1. Rounded if a/c is under 1.5, else prolate if a/b is larger than b/c, else oblate: which is region 119-234, with a ≥ b ≥ c the root eigenvalues of its Cα gyration tensor?
2. By average Cβ neighbour count within 10 Å, what is the ranking of 165-171, 97-103, 189-195 from highest down?
3. How much length would be gained if the chain were fully extended between residue 198 and residue 143, taking 0.36 nm per residue of separation minus their Cα-Cα distance, in nm to one decimal?
4. Assuming 0.36 nm per residue, please report the length gained on full extension of the stretch residue 223 to residue 35 beyond their Cα-Cα distance.
5. Which ordering of 238, 91 is given by a fewest-first count of other beta-carbon atoms within 10 Å?
6. What FRET efficiency would be calculated for the residue pair residue 166, residue 258, taking the C-beta separation as r and a Förster radius of 30 Å, to the nearest 0.05?
7. Compute the relative contact order of region 125-191 as a whole-number percentage, counting only Cα pairs closer than 8 Å that sit 6 or more residues apart in sequence.
8. Kindly put 125, 214 in sequence by how many other C-beta atoms sit within 10 Å of each C-beta, fewest to most.
Ligand SMILES: [Zn+2]
């Protein structure tokens, strides 16, 4: 295929995404990338995070249209990527067999569109993924979230969760009620982490991995997740002062959202791409917007909060 050269190729990226990346890549961002995050992405196996695969309108950026999702999966297939679960990821990590052509597809929140739309598309490609469930909201609408304009989304019911689990998709916990865990005391954190695990187990669903709501955690929360018997946990733009590559309880993920197109998706898959640092740092900035959700919902701050 004719090489268009970098200028022509990048012209395909929508202007708003390019502008956003430029603004996200300030001098401070360059410094933080070089001193803190760069090491996370050496010989990196991508772990991507999605939320909704849905054409329904919403004000946020968490929905991707089914046609765009199919385009992304088609790119993965055409370029010999192999999707793996988190369980596979840790086995391959242990055996030092992870490659840059493995990819983990995570879906936070367990929306019904995962079972109804995403799974059938992934099965067409022979792909797998990991869905993180908010157990108090199984089969219910997302009242835990800030619903601008009254747009509501339904979560998978238990039959859908059991069905996709039997079809080989990995199920993880995303707490009982999706709180900002940092605002809770130890026993409340333990309840959120342990009761969600027990509930999924009571349905015969083996849950080994955990995803922090809003990607927010601290050492105290990590320790409780470890004590609760999980084998690993995924973060979202890691919050450690000194991030560690392949930290089993703060595994870094890159978010894929409605601003992405195929060009930005390709960049997010490849940490060697010259645009990857800008894209990553802009993703961090975007993800910090989600910090507003617990504030807007006036999530309680426990009196025992230290
Ligand atoms: Zn979530």
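1. On the way: a/c = 1.82, a/b = 1.26, b/c = 1.44.
Oblate is the answer for region 119-234, as a/c is 1.5 or above yet b/c matches or exceeds a/b.
2. Details: 165-171: 17.3, 97-103: 14.9, 189-195: 20.1.
Per-residue mean Cβ counts within 10 Å order the peptides as 189-195, 165-171, 97-103.
3. Details: separation 55, 0.36 × 55 = 19.80 nm, distance 2.24 nm.
Stretched fully, the residue 198-residue 143 segment lengthens by 17.6 nm.
4. Numbers: separation 188, 0.36 × 188 = 67.68 nm, distance 2.57 nm.
Between residue 223 and residue 35, full extension yields an extra 65.1 nm.
5. 91, 238
6. On the way: r = 31 Å, r/R0 = 1.02.
Efficiency, from the Cβ-Cβ distance: 0.45.
7. On the way: 65 pairs, mean separation 29.7, N = 67.
Taking the mean separation of contacting Cα pairs over the length of region 125-191, I get 44 percent.
8. Numbers: 125 14, 214 20.
If I rank by nearby Cβ atoms, fewest first, I get 125, 214.
Any read-out appearing in this document is the output of simple, stated calculations on the displayed coordinates, not a laboratory observation. Predicted, not measured: the structure shown is a model, and the values here were computed from it. We place every Cβ from the backbone using ideal geometry, glycine too, and count neighbours over all the protein chains shown.
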